[in-house]
Every structure is written in C-alpha cells, then in structure tokens.
Amino acid sequence: MPTDLTGLFLSAFIASTLLPGGSELVLVYLYSENPARYLLLLSIASLGNTLGAMSSWGIGRLLAWRFPARCWKDEHVKAIARLQRYGSPVLLLSWLPFIGDPLCVAAGWMRLHWLKVLLFIAIGKLLRYLFVLEVARASL
C-alpha cells in the first residue's frame, strides 16, 4: 500500500479510538490530489475508522472483566443507557465526536455481538466518509 494510503488508514484508525485525530482532512487532501481514487480512499478511510471503533469495542470487552458498572464515567453510563434503550443500531452514530467512542466501548462492555456491532459501525463510518467526500467533490 502506498505511503499516503497507509497514512490515511492510520489517521482514520486513530481518529476512531479514544485518541483525537483528523482523518477527514487527510481524506479531503488525498482526494484533492487525485479524485480518480475516490472509491479507494473511501474504502480505506472507512475500513481504518471501522477497525479503530472495533478496537474500542474490544477494549470495552476487556474492561467488563476488570471494572463493574460503578467504575464508569458519566459519558460511559449515558452510552450504556443509549445502547440498552436502542440496541446495536445506535452504533450508526459511532462516528459522532464525544459520543461515538464511548458508545463503542460500552457496546464491548455490554458484550453486544461483534457482528452486529461491526455492521452498524461500518455503515455509520462509510456514510460519514461518503458525506465528507461528496462535500469535497462539490467544493473542488
């Protein structure tokens, strides 16, 4: 994989964890350099971001063994309440800043099935990057 695509993947992965990141800027820059790679860029950004979110889900699974519910921060308790109320489809919102990361961790902590989690996270991430690229396409 060329270096710029590796950078996009890593940027998207990191942006989807509890660490801050700006994968949208990397995506738009790479698209502006070569619009013909639209689908490739969309795929790599979505894959990286989805796998980053799944790593947060995995962290949640590990935390469930070590920390009971009383140890959670307020934003995690809210994420658990959302997941209990709406189920796995709420993970379509996993791309949202400040909400998405706790949702993914909470989904792991609640032991939601990985395949449902993966499906809803992937759809949400794909739609997010599709929107970003469409705005970039209209602007450039």
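List of remarks:
- Residue in the range 73-87 that is of a type in the set (Ser, Thr, Tyr) and within 14 Å of the chain's Cα centre (by Cα) present: no
- Test for LEU96: is it without any contact (Cβ under 8 Å) to a residue 12 or more places away in the chain and out of contact with any helix residue (DSSP H, G or I) (no Cβ under 9 Å at 6 or more places or on another chain): no
- Of the residues making up the range 16-63, just one is part of a loop (DSSP other than H, G, I, E, B) and modelled with pLDDT of 95 or more, namely ASN34.
- Boolean, ARG82 is in contact (Cβ under 8 Å) with a residue 40 or more places away in the chain, more than 23 Å from LEU8 (Cβ to Cβ) and charged (D, E, K, R): no
- PRO89 being at pLDDT below 90, within 17 Å of LEU127 (Cα to Cα) and not hydroxyl-bearing (Ser, Thr, Tyr): no
The values are calculated or read from the model by the stated rules, or taken from the named source; none is laboratory data. Since the model is a prediction, treat every value here as computed from it, not as a measurement. Methodologically, a virtual Cβ is constructed for each residue, glycine included, from the backbone with ideal geometry; neighbour enumeration extends over all protein chains shown.
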